[in-house]
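The values are calculated or read from the model by the stated rules, or taken from the named source; none is laboratory data. Please read these numbers as outputs of a predicted model, since none were measured by experiment. Ideal geometry is used to build each Cβ from the backbone, glycine not excepted, and the neighbour counts take in all protein chains shown. The area values use the complete protein model at the heavy-atom level, side chains included, leaving out ligands, DNA and RNA. Shrake-Rupley method; radii C 1.70, N 1.55, O 1.52, S 1.80 Å.
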Amino acid sequence: MTDVVVVGAGISGAASAYELARRGFRVTLLDRYSPAAMASGWTLAGVRQSGRHPAELPLATAAVQRWAGLADELDGETRYRRNGNLRLARTAEEVPVIRSLVEQQSAAGLDVALLTDTADIQAVAPAVSDRVMAASWCPSDGSADPRATVLSYVAAAQRLGVEMRFGEQVRRIETVEGHVTGIATDAGMIAASHVVVCAGIFGNELLEPLGLAVPLQVPMVTVLRSVPMPAALGPVIGVANADCAGRQEVDGRFRVTSGLETWHGDIDHDGPRPAVRPTMRSIAEVVRLFGEVVPAFKDARMDETWAGLIDLTPDGLPVIDSPAGLDGLTVAMGFSGHGFCLGPVTGTIIADLVETRRTPFPITPFALDRFTDRKQVAFEPLSLHG
């Protein structure tokens, strides 16, 4: 018998399985696809503190500290680089947005600076256009390789004895008299005393039969990836209104994303990784927008395009909770496009909740019951992702 079934093999689920196994739990990690098949494989993979909601900042700060030694800890690749984050103001109207971000986050104790001189911005990132008017600069931010990191977590968890079951879909969570007893999948039953739901946009399929749900919208983000180019860009680049973002990967490929778009509803489920196809209009817009701030991107040759789906909550904050009323259930979903950085800390929090239902991390803002009346919940615009 397994002690804990973790549903979803993105970074949150893989990190949770790893942390639980380290504490001696018998764990099964299960996903209807393959590891990093959904959001954790599609993401820009920023590892940032800047631009965070105040409720997330303590988790992000702890996560950044963990990322520095994560590859050694997992004995695997993460390709983590601490090359900073620049968030750009392209117009006079965007300058106050960036200035306000710097003031708020400096007051919260984050090392972030306002750059208002083109020379200062290009000293950090020479590839940035001289038309940029201002930028926030957080040198302690960075990025990693999303797929490599998740696979390293999976391998480390497997060495600790975690059972891996991929290509298997969970049909329902089994309960008896208010206690979790296991799960039913399309391959049979798995008995367990605890189930962790890290299933992103699919999580409510399991929660709703239990009378629970995380209110979600599911927007789409277009992602472009170039062939390898000469090194030109160190930091992760964002913009004041979040309509594009990007970075250059370790191998020189540009990885660039759009802002949030309306998902057309199509998804190809064939194969180990589902595919969402972006529109030609979106691809052209991403090239235009990011090319305006990093002109070298316009000369890059295209290698891949794809789209990612975001499990967006009304307030843009995740649900990380063991809801009252059902013993043995823990939920970690709704990361709203910026959960990748938090993965190492999310895994620790989940292990805490499974073990004792308590954690030293400040997770009260992420409780499921903050959405008391889902019909009255209004979705706020998401200003940042990745």
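Among the residues of region 185-194, the one identified as over 24 Å from Ile349 (Cβ atoms) and surrounded by 14 or more Cβ atoms within 10 Å (Cβ to Cβ) is Thr185. For region 134-160, the set of residues classified as farther than 22 Å from Arg82 by Cβ and crowded, with 20+ Cβ neighbours inside 10 Å consists of Ala134, Val154, Ala157, listed by residue number. Hey, does region 332-346 have a residue that's buried (at least 24 other Cβ atoms within 10 Å of the Cβ) and over 28 Å from Ser258 (Cβ atoms)? No, region 332-346 contains no residue that is buried (at least 24 other Cβ atoms within 10 Å of the Cβ) and over 28 Å from Ser258 (Cβ atoms).
Please tell me if Val180 is under 16 Å from Ala21 (Cβ atoms) and either acidic (Asp, Glu) or surrounded by 17 or more Cβ atoms within 10 Å (Cβ to Cβ) (or both).
Here the answer is no, as Val180 does not meet what is asked.
The single condition among (1) touching a residue at least 40 places away in the same chain (Cβ under 8 Å); (2) touching a Ser or Thr at 6+ places or on another chain (Cβ under 7 Å) that Val102 does not satisfy is (1).
For region 353-379, residues that are at pLDDT 65 or above and either touching a Gly at 6+ places or on another chain (Cβ under 6 Å) or not in a loop (DSSP other than H, G, I, E, B) (or both) total 10. Take the conditions (1) open to solvent by 10 Å² or more (accessible area, probe 1.4 Å); (2) touching a strand residue (DSSP E or B) at 6+ places or on another chain (Cβ under 8 Å); (3) over 30 Å from Ala89 (Cβ atoms); (4) in contact (Cβ under 8 Å) with a residue 60 or more places away in the chain; Val197 misses just one of them, which is (1). The residues of region 102-129 that are under 17 Å from Pro54 (Cα atoms) and open to solvent by 30 Å² or more (accessible area, probe 1.4 Å), listed by number, are Glu103, Gln104, Ser106, Ala107, Ala108, Gly109, Asp111. Counting the residues of region 267-294 that are assigned to a helix (DSSP H, G or I) and either open to solvent by 60 Å² or more (accessible area, probe 1.4 Å) or hydrophobic (A, V, I, L, M, F, W, C) (or both) gives 12. Against the list (1) free of Cβ contacts under 8 Å to residues at least 60 places away in the same chain; (2) within 30 Å of Phe290 (Cβ to Cβ); (3) in contact with a helix residue (DSSP H, G or I) (Cβ under 8 Å, 6 or more places away or on another chain); (4) open to solvent by 50 Å² or more (accessible area, probe 1.4 Å), the condition Ala231 fails is (3). Looking only at strands (runs of 3 or more DSSP E) that fall completely inside region 136-255, which ones have 1 or more residues that are closer than 19 Å to Pro323 by Cα and modelled with pLDDT of 95 or more? In region 136-255, 170-176, 179-185, 194-197 are the strands (runs of 3 or more DSSP E) which contain 1 or more residues that are closer than 19 Å to Pro323 by Cα and modelled with pLDDT of 95 or more.
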